[in-house]
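Inspection log for the structure reproduced underneath, given as structure tokens.
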Number of protein chains: 2
Amino acid sequence: MRSLGWTQSEKAIARRIFDDARQAELGEMMAETRRRAAAIRVPADLWYLETYLRESRQQFDRKYDYRYSVLPAVFGLLLSEGRISEAELQGLREDKLSWILREGRAAR
Amino acid sequence: MRSLGWTQSEKAIARRIFDDARQAELGEMMAETRRRAAAIRVPADLWYLETYLRESRQQFDRKYDYRYSVLPAVFGLLLSEGRISEAELQGLREDKLSWILREGRAAR
């Protein structure tokens, strides 16, 4: 894996994008969990909810990895999911931007 | 483990007690899950709910075991938890009743 140097200003931008996306996704998971729980009618719904929570947590933990070595891939995935926009990435240098966009296309 | 013979009439009583207790406990778990989900405020609440569901399911699966060889222990536990009453057990023969009551005292 290539390693890119991150300036202080880039780190600040990356941190904000990362934290905002992470918080937004947690908010969606909380809303979805409340929705599913409110719709519980039969016992099987309990185990579906358990599976949903376990899989969501595992997926979430894999996705939000803040190591700089993998951050372009993380942002590429978030971009492909529509969780962040290219506009938010402005301020990152060209080497990272092109890598992120490439990862985003690959993840689609 | 001792093995007791169960008459058809005893089996019918046992099945009804077992199914009623099982359904009641599932109903409680559904209500508790809806209550906990409605109270979700921070992300950690999601993982507490996941843990609650997993542990409840495991405990439930261990508890509701309808093999006749372990049924007196199952009923003893349900009795100690107040989920069934001695009155409901009437109609079971003395050998099973005394075993169930002994298990119930041991489980307390």
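Of the listed requirements (1) of a type outside the set (D, E, K, R); (2) within 29 Å of A:L49 (Cβ to Cβ); (3) more than 14 Å from chain A (Cβ to nearest Cβ); (4) in contact with a helix residue (DSSP H, G or I) (Cβ under 7 Å, 6 or more places away or on another chain), B:L79 misses just one: (2). When you look at A:D45, is it of a type in the set (D, E) and surrounded by 13 or more Cβ atoms within 10 Å (Cβ to Cβ), yes or no? Answer is yes for this residue. On the given criteria, is B:S69 over 30 Å from A:E28 (Cα atoms), among the small types (G, A, S) and in contact (Cβ under 8 Å) with a residue 12 or more places away in the chain? So B:S69 passes the test.
Summed over region B:72-94, the residues that are surrounded by 18 or more Cβ atoms within 10 Å (Cβ to Cβ) and of a type in the set (G, A, S) give a count of 2. For the residues B:E50, B:E32, the requirement of being facing chain A (nearest Cβ under 8 Å) and either surrounded by 12 or more Cβ atoms within 10 Å (Cβ to Cβ) or not in a helix (DSSP H, G or I) (or both) singles out B:E50.
Only a single criterion out of (1) within 13 Å of chain A (Cβ to nearest Cβ); (2) surrounded by 14 or more Cβ atoms within 10 Å (Cβ to Cβ); (3) in a helix (DSSP H, G or I); (4) not basic (K, R) is not satisfied by B:I40, namely (3). Checking B:L97, B:L26 one by one, the residue that is within 9 Å of another protein chain (Cβ to nearest Cβ), assigned to a helix (DSSP H, G or I) and surrounded by 15 or more Cβ atoms within 10 Å (Cβ to Cβ) is B:L26 and no other. B:S9 fulfils the conditions (1) in a helix (DSSP H, G or I); (2) facing chain A (nearest Cβ under 10 Å); (3) over 19 Å from the mean Cα position of the chain (by Cα) except for a single criterion, (2).
Applying the selection to region B:80-94, what residues are assigned to a helix (DSSP H, G or I) and without any contact (Cβ under 8 Å) to a residue 24 or more places away in the chain?
B:E86, B:A87, B:E94
Throughout, read-outs are computed from the coordinates displayed, never taken from laboratory work. Computed from a prediction, not measured in an experiment: that's the story for all the values here. With ideal geometry, Cβ positions are generated from the backbone for all residues, glycine too; neighbour counts draw on all protein chains shown.
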